[in-house]
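In what follows, a single structure is set out as structure tokens and then discussed.
The values are calculated or read from the model by the stated rules, or taken from the named source; none is laboratory data. Every value quoted in this text rests on a predicted model; they were computed, and no experiment measured them. We place every Cβ from the backbone using ideal geometry, glycine too, and count neighbours over all the protein chains shown.
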Amino acid sequence: MKIPYFKKIMQEENTNNIANNETNEVKQDIPAQPPVLSEVDTLGARIVELENTVSHYKDQLLRKAAEFDNYKKRIENDYANLVKFANENLIEKLLPVLDDFERSFKAVKYSVGQPVSSDTEDNSFQKGIEMIYNKFKRILELEGVKPLEVLGQPFDPQLHDALLQIQNKNYPPHTVLEEVEKGYMLHDKILRHAKVIVSAEQIEEPPQTGVESEVGE
């Protein structure tokens, strides 16, 4: 009588194991469901998303504002330079007239190395020319034209054009000795380079030997 009882128990255990295995297989086949968020969590996530969007557009706005400010300053600077140097070409064409005035003064005052006569008519004519020259020069100064001071200054290729180099022991090398044609600035910009003569490097003469001295004698 005991054997059938144990068989019954074993059959029940097998049946329970099979049922548990089938239940586990069914559970494994069902995909995991995401956790259900509450309304507070949903609103919180939405707020974070909106804050990130606002931060993004705020950064873009600040960048565009900075770019526009730089653009505005650049345009204002370009316009100011345009107005500042609007007469550059005209003034540059007038400089030879200024040169002719100065050459004429030198020719009149020191004709053939002698001063002009003290005739009243000649003096009146000369004074009238000087008044016209001074008025013309004053107009150019009001427009921002300034002559370059070059005599005795070190040679600067940004300001000077060297026409000639000569030896001169009284000045160090590369010093402006003479101004052939005046240079001018227009505000802070070079309008015309000064044409100058510059001192050259000193050439040391080799000492004479005794043999050369005897040959010379």
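Is it the case, given these coordinates, that Pro96 is of a type outside the set (Asp, Glu) and either modelled with pLDDT of 85 or more or touching a Gly at 6+ places or on another chain (Cβ under 7 Å) (or both)?
Numbers: of a type outside the set (Asp, Glu): yes; either modelled with pLDDT of 85 or more or touching a Gly at 6+ places or on another chain (Cβ under 7 Å) (or both): yes.
It is true that Pro96 is of a type outside the set (Asp, Glu) and either modelled with pLDDT of 85 or more or touching a Gly at 6+ places or on another chain (Cβ under 7 Å) (or both).
Does Asp78 meet the test of being among the charged types (D, E, K, R) and modelled with pLDDT under 75? Can you show your working first?
Details: among the charged types (D, E, K, R): yes; modelled with pLDDT under 75: no.
Against the criterion (among the charged types (D, E, K, R) and modelled with pLDDT under 75), Asp78 does not qualify.
Just to check your reading of the model, which residue among Leu62, Leu82, Leu90 is loosely packed, with under 11 Cβ neighbours inside 10 Å, within 28 Å of the chain's Cα centre (by Cα) and over 30 Å from Phe136 (Cβ atoms)?
Leu62
Within the stretch 141-155, is even one residue in contact with a helix residue (DSSP H, G or I) (Cβ under 8 Å, 6 or more places away or on another chain), over 17 Å from His193 (Cβ atoms), surrounded by 11 or more Cβ atoms within 10 Å (Cβ to Cβ) and of a type outside the set (Gly, Ala, Ser)?
Going through the stretch 141-155, the residues in contact with a helix residue (DSSP H, G or I) (Cβ under 8 Å, 6 or more places away or on another chain) turn out to be 143-145.
With the extra rule that they be over 17 Å from His193 (Cβ atoms), the set shrinks to 143-144.
Subsequent filtering for residues that are surrounded by 11 or more Cβ atoms within 10 Å (Cβ to Cβ) retains 143-144.
Those still in the list that are of a type outside the set (Gly, Ala, Ser) too: 143.
So far as the stretch 141-155 goes, yes, one or more of its residues are in contact with a helix residue (DSSP H, G or I) (Cβ under 8 Å, 6 or more places away or on another chain), over 17 Å from His193 (Cβ atoms), surrounded by 11 or more Cβ atoms within 10 Å (Cβ to Cβ) and of a type outside the set (Gly, Ala, Ser).
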Members of the stretch 120-140 that are among the basic types (Lys, Arg) and in contact with a helix residue (DSSP H, G or I) (Cβ under 9 Å, 6 or more places away or on another chain): Lys137
